[in-house]
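Report on the following structure.
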Amino acid sequence: MHALGQLMGEVLREQGGEELLALVEQDRQTAIRWREGVAGAAEALAVRVRGRPPRMARELLRAFSAWFQLANVAEKVHRIRRRREYFQQDGDRPQPGGVEDALAELKSADLSLKDVLELLGQLSIEPVLLAHPMESTRRTTLRRQQRMAALLLERSNAALAPHERRSLLERIRAEVSADWQTEEHPRDRLTVADEREHAIFYLTEILYRIIPAFYQEIAAALGKLYGVSPETLELPTIVRFGSWVGGDMESSSDVHAKTIRETIARAQQTIIHNYYQDCQQLAQVLSQSERRVGVSAAVVRRIEEYRTLLPGAPGIAPSRHDRMPYRVLLGQIAERLHATNEGRASGYRQPAQFRADIDLIAQSLIANRGVHAGYFSARRLLWRIDTFGFHLATLDLRAHTSVHHAVLAQGLDDPQWCERSPSERHTRLIEVLERDTGPTGPFDALGKRTLAVFDAILQSRHRYGADAIGLYVVAGATGPDDLLAPLVLARWAEAYNKSSGEVALDVAPQFDGVATLERCGTIMRELLEDSVYKRHLEARGRLQTVLVGYSESSQESGIVASRFAAYRAQRNLSEALRKDHREHVLFYSRGGSIPRGGGRIDVLLRAAPAESVSGVLRFTEQGESISQSYGLRPNAMRTLERALSTLALATLAVKRGVAVRESAALAECAGLVAGHSAQAWRSLVFEGSQFSDFFRAVTPIDVIEGMQIGSSQLARPDQHDLQAVRPASWVYAWSQSRHMIPGWYGAGSGLQFAKAERGLLLLRRCYRGWPFFRSLIDDIETMLARVDLSIAAQYERLASAELRHYGVTVREEFERTSALVLEIKECAALLDTEQTLQRSIALRNPYVDPMHFMQVDLLERWRASGRQNRELFEALQASVSGIARGLQTTG
């Protein structure tokens, strides 16, 4: 990091001049003195930043932000280096949490190779990418980060000559300099198309590249453990990808039938282009001549078939390739892909046809001494086809139940529909579905737009395949009527299977609020008692998927009550669905940050109740979790490895009845903590009439709401006060001021009550013996470590005197929570068991502190101007982005 720090200084001197570099260094040194406890350093830093011209403030903020851009890449690279060093030092031992480690555990559990392959066939890992309302990283920047990471990795090679190391450092400097000269945020608000391209970047430039290596690692590990040839193994498809980008109508009013069609078309265009390039590259590898080696009769027959089907194809493979059959066939395949992209009749109708062609080549290579002469390249393409099909990532759609009922009120010609009781609506909807009653009232623009979505679903599946469109997620579901509503609308839109008559829709409720999470098992039982809905499920031949959310419940009741409600919901849903003999999938609907359920997915799975483990791991990825988990290819590999390891072992443990289950005493103790933490949370946030004023004074929420970065709505237009603030904005704002209250507040009160009622020893038993409770306490500790009440005090100066008592309450709860977490973990300081993170926070603070002080000063001046000064707002926008980059959280 020292060399990178020097490099950053040289870039700032060249790009911004000596004055900028001097100001940055003086701010940093003042912040260091403050952190070291030097008297008067805080006042000195505040004086330094006060009244800076907006343009100068923006340049300084960009300077600190640029340092974090480089530091964040370096930290990701460091994780890669640590993994490589592990293998270099102990190459015979598999890395804990890796593929070989997990498969070795399965073998030690007396599973034969056949048993392991059967178990793997029951597993499915399904990350689903979401757009983030505050995420605006350009693809140019994302690609630059890839190049910087590659250069940093190359530079860590100890065998490099001095001039080679200098050359690499110069190339890194070039990337950093170009990044400095690039505008951080687009001038205009991001569109759905922009967000779509952001998701496509991760899918095609990261995940598409690593999928073959993931399966190769599994095959190699099985070969090593069971003494078989890896190339003889037929591995099941374990990983699939999904997306809400371009299908999430609940978050963005810009999503509608047209964007859904455009998103699916763009996804197919992208994946077919990648396949086309792969075929071209594979043709370069497979130069075998029929004079030198045999080729299967099936390959020869397919070439002749394509001479008729694709009369123009011979031009793709030059005449000199006539005696290179693989190249000829791959040229024909490439032409057929091109026809598919253009929608011509000679194109592939489904990915299975494309796969069959590539498999012909793979089998011919195996049969003709080609295992080490190109087979693995063909096998890599087959794994990609199995994973990405012609759809790249399955698009889920999401809409809020209130929209459905508003449209139903029009179609049923019932203005009182939305005010009717859920049971009344339930009965009427069953009647409409059983009698196939059409609409009797006219539709306005909202109604027509909503019905058009269902038509788009049917058309997209017909044109792009069944996997193009996935779930239809119903947000805000609180009863069975909410899940029947879209079925009625789909029928009115004639989006049904003409042969069976059943609606072509896979409805999935999203349960998020605490009260709804507590009732969701009952809701699903009631729904599954309906013969109409049962018939629908059977006709679809699909599993029932239910989304368990974390964001809304966390905002309304705090992190402890939210996590405990989600845990109980998973158990209750599993019991309800299995009682109906219904196979199901629980879908973890989480945000990018810890308060919204974010974090490592393997930790989340280990914390789930054993009954909920079904072999399918479907989860959303958003914001910083995408960047941290999938930002670099080796890190993305590690993410998939951990997910596979945890899922395989958890599924086996459930099947054998040896999964860890908490005792009644532990569950009761956690219930006490959750209940009293929720009381403390609601007492602070909702019972105090002025807390909303405190929140708006001490956080930059007004800046965040005005940034208009993504296409998602940052506030709920139909709500007021705190209810109007969406969870991502809520968490983002509190992180900027370093209060971080969504990640820990209320936990101390809950733990204190449980300690008084049940004793410290029981809380320690909960932590040591129950993965759910351990994960919860560890996450709270991480959030507590990121809190900085000295920084928070600077923001609290922005609040009027009558509001500052809230700051006192927050401090008391912070001290209480920290003390109890340390007592339960038997540690002396926060993050003593996670010293890498502890050091990272300490090292980052002197670079983040000046940005905080500048943000406070800029907020005060901007608000004094009536929030009209554009230059101050642009500087504030730079401060929000810089602090987020420094803290690695966007909410």
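The values are calculated or read from the model by the stated rules, or taken from the named source; none is laboratory data. Note that the structure is predicted; figures quoted are calculated from it, not measured. Note that we place each Cβ from the backbone using ideal geometry, even for glycine, and neighbour counts take in every protein chain shown. The area values use the complete protein model at the heavy-atom level, side chains included, leaving out ligands, DNA and RNA. Shrake-Rupley method; radii C 1.70, N 1.55, O 1.52, S 1.80 Å.
Some values worked out for this structure:
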read-out: Label-point separation in nm, Ser156 to Thr809, each point 7 Å along Cα→Cβ; value: 4.7 nm
read-out: Accessible surface of the chain, 1.4 Å probe, proportion on carbon and sulfur as whole %; value: 48 percent
read-out: Normalised alpha carbon radius of gyration of segment 609-660 [divisor 2.2 N^0.38 Å]; value: 1.34
read-out: D (Stokes-Einstein, µm²/s), Kirkwood Cα radius, segment 168-283, 0.692 mPa s at 37 °C; value: 182 µm²/s
read-out: Straight-distance crosslink candidates among lysines, where the alpha carbon sits under 27 Å from Lys114 and sequence neighbours closer than 8 are dropped; value: Lys224, Lys655
read-out: Scattering curve values for segment 96-254, log₁₀ I(q)/I(0), Debye with Cα scatterers, q = 0.10, 0.13, 0.17 Å⁻¹; value: -0.62, -0.89, -1.04
read-out: Approximate spin-label separation Ala178-Met56, in nm, with each point projected 7 Å along Cα-to-Cβ; value: 3.3 nm
read-out: DSSP beta bridge pairing in the chain, given as percent antiparallel to the nearest 5; value: 5 percent
read-out: Segment 199-344, Cα convex hull volume normalised per residue, Å³; value: 157 Å³
read-out: Calculated SAXS-style log₁₀ I(q)/I(0) at q = 0.16 Å⁻¹ - segment 449-561, Debye, Cα scatterers; value: -0.77
read-out: Expected 222 nm ellipticity per residue - DSSP helices of 4 or more, -39500 (n - 2.57), all of the chain, to 500; value: -20500 deg cm²/dmol
read-out: Extended-chain gain in nm, criterion 0.36 nm per residue less alpha-carbon gap, Ala828 and Glu205; value: 219.9 nm
read-out: Net lengthening on full extension, Leu837/Lys224 (0.36 nm per residue, minus Cα-Cα); value: 217.2 nm
read-out: Extension gain from Thr478 to Asp115, taking 0.36 nm per residue of separation minus the Cα-Cα distance; value: 126.6 nm
read-out: Probe 1.4 Å, protein heavy atoms only - accessible area per residue of the chain in square angstrom; value: 40 Å²
read-out: For segment 629-684, convex hull of alpha carbons as volume per residue, Å³; value: 114 Å³
read-out: Ordering of 826-838, 525-537, 544-556 by packing [mean C-beta count within 10 Å, highest first]; value: 544-556, 525-537, 826-838
read-out: Rg and Dmax of segment 790-890, Cα atoms only, in Å; value: 16.8, 51
read-out: Environment charge at Thr646 (Cβ cut-off 10 Å; Lys +1, Arg +1, Asp -1, Glu -1); value: +1
read-out: Compactness of segment 546-659, expressed as Rg and Dmax over alpha-carbon positions, Å; value: 14.3, 43
read-out: Shape parameters for segment 684-822, alpha-carbon atoms, Rg then Dmax in Å; value: 16.7, 49
read-out: Estimated D of segment 1-106 in µm² per second, where Rh is the Kirkwood radius over Cα pairs and Stokes-Einstein applies at 37 °C, 0.692 mPa s; value: 192 µm²/s
read-out: Extent along principal axes [Cα atoms of segment 720-770; Å; largest to smallest]; value: 42, 20, 19
read-out: Whole-Å semi-axes of segment 621-751's equivalent ellipsoid (Cα gyration tensor); value: 34, 26, 12
read-out: For peptides 301-308, 774-781, sequence by mean Cβ density within 10 Å, most packed first; value: 774-781, 301-308
read-out: Rh (Kirkwood; distinct C-alpha pairs) - segment 533-594, Å; value: 12.9 Å
read-out: Relative contact order (percent, whole number), the chain, Cα cutoff 8 Å, 6+ residue spacing; value: 16 percent
read-out: Solvent-free Debye scattering, log10 I(q)/I(0), computed from the Cα coordinates of segment 13-56 at q = 0.17, 0.19, 0.24, 0.27 Å⁻¹; value: -0.52, -0.62, -0.85, -0.95
read-out: Kirkwood hydrodynamic radius of the chain, from inverse mean 1/r over distinct Cα pairs, in Å; value: 29.5 Å
